[in-house]
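Any read-out appearing in this document is the output of simple, stated calculations on the displayed coordinates, not a laboratory observation. If you're wondering where the values come from, they're calculated on a predicted model, not measured in any experiment. No Cβ is skipped: glycine too gets one built from the backbone with ideal geometry, and neighbour counts run over all protein chains shown.
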Amino acid sequence: MNWNHWIQYFQQNREDLLPIDWDDTYRLSSYEKTAILESVQQFQLGESSEGRCLLEAAKRYADGSGDAEYVTALQLFIQEEQRHARDLGRFMMQQHLPLAQTHWVDSIFRWLRRAFNLEVSVVVLLMAEIIAVTYYKALHDATAAPVLRGLCRQILRDEVHHLRFQIDTLARLRQGRSPIGFLLTHCLQRILFSGILMVVWSGHYPVLLAGRTSLGQFWWLNWRLFNRLFGGLESSLSKLRVTPNP
């Protein structure tokens with residue numbers, strides 16, 4: 001695996017961001033605030049992780065495998081996620097919306113990433129990225145705020161590459177696994193993803209419905225992308241249109 005490719009990508013991407021008009025004066029309506037506030041609070045909190053435990057696991061893996069460049073690529077990935085959190089936080093402060101300090105869903109995701117090995121942490125991250133594609137599309141369509149819509153487009157553009165990055169990581173981590181091992185892993189992944197989908201829908205359905213994404217659509221869109229990624233069809237990502245029009 002050539003991690004230098006990803007290092008170069010992340011370095012270039014932070015210099016090639018979509019323009020955001022932070023001076024825009026649009027103010028969210030009461031309806032928009034009701035639909036998105038708690039949901040955006042959770043996603044902003046989730047994007048803000050420093051990834052200390054993940055980086056420690058990555059360093060242990062790098063020490064054993066010789067993939068030293070992976071740690072650098074992962075650090076740049078985490079910085080990109082933190083940029084998402086900063087930008088969402090900046091938007092919320094402009095709208096006089098409070099930031100969340102803790103949330104039980106975020107705590108569960110963080111526990112899953114800390115409690116197991118690097119592979120499980122990456123799987124959980126990948127599942128969160130899959131759901132983020134559907135979520136940020138819906139959030140984009142749930143509001144007329146130009147700044148927030150612009151942020152959604154930027155995040156969605158980033159997420160496509162995040163999916164590829166995590167798939168590359170899993171491909172490296174799973175080299176040499178037996179067919180039985182792959183089958184067991186596949187079954188456990190599907191069980192975990194089903195549970196995560198139900199938790200996310202229960203906490204974020206106001207935004208999803210406001211963005212014209214029904215429960216059935218939410219379920220189908222996420223499973224479609226899950227199956228393409230975990231089924232080894234990463235190349236099909238290039239054919240997916242995930243970024244909405246302005």
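Annotations for the structure displayed:
- Volume per residue for region 1-93 equals 106 cubic angstrom (convex hull of Cα atoms).
- Set against the 2.2 N^0.38 Å expectation for a compact globular protein, the chain has a Cα radius of gyration ratio of 1.00.
- A Förster radius of 25 Å, combined with the Cβ-Cβ distance separating residue 26 from residue 86, puts the computed FRET efficiency at roughly 0.80.
- Put in order of Cβ neighbour count within 10 Å, fewest first, the listed residues 92, 127, 198 become 198, 92, 127.
- Gain on full stretching of the segment that runs from residue 4 to residue 99 - 0.36 nm per residue minus C-alpha separation: 30.7 nm
- Crossing angle, helix 179-210 versus the chain [Cα axis fit, 0-90 degrees, rounded to tens]: 10 degrees
- Potential extension, residue 157-residue 201 segment - 0.36 nm per residue separation minus Cα distance: 13.6 nm
- GNM on the chain, alpha-carbon springs under 10 angstrom: the most fluctuating residue among 148, 208, 192 is 192.
- Taken one residue at a time, the phi angles of region 4-20 give Karplus couplings (6.51, -1.76, 1.60, θ = phi - 60°) of 4, 4, 6, 4, 5, 4, 4, 5, 5, 5, 5, 9, 10, 7, 5, x, 10 Hz. Gly and Pro are set to x.
- Residues 53, 187 arranged by fewest to most Cβ contacts within 10 Å: 187, 53
- Exposure proxy ranking, count of Cβ atoms within 10 Å, fewest first, for 33, 137: 33, 137
- Residue separation of residue 34 and residue 190 scaled by 0.36 nm, minus their Cα-Cα distance, works out to 52.9 nm of gained length.
- Computed over the chain: relative contact order in percent, which uses C-alpha pairs under 8 Å that are six or more apart: 26 percent
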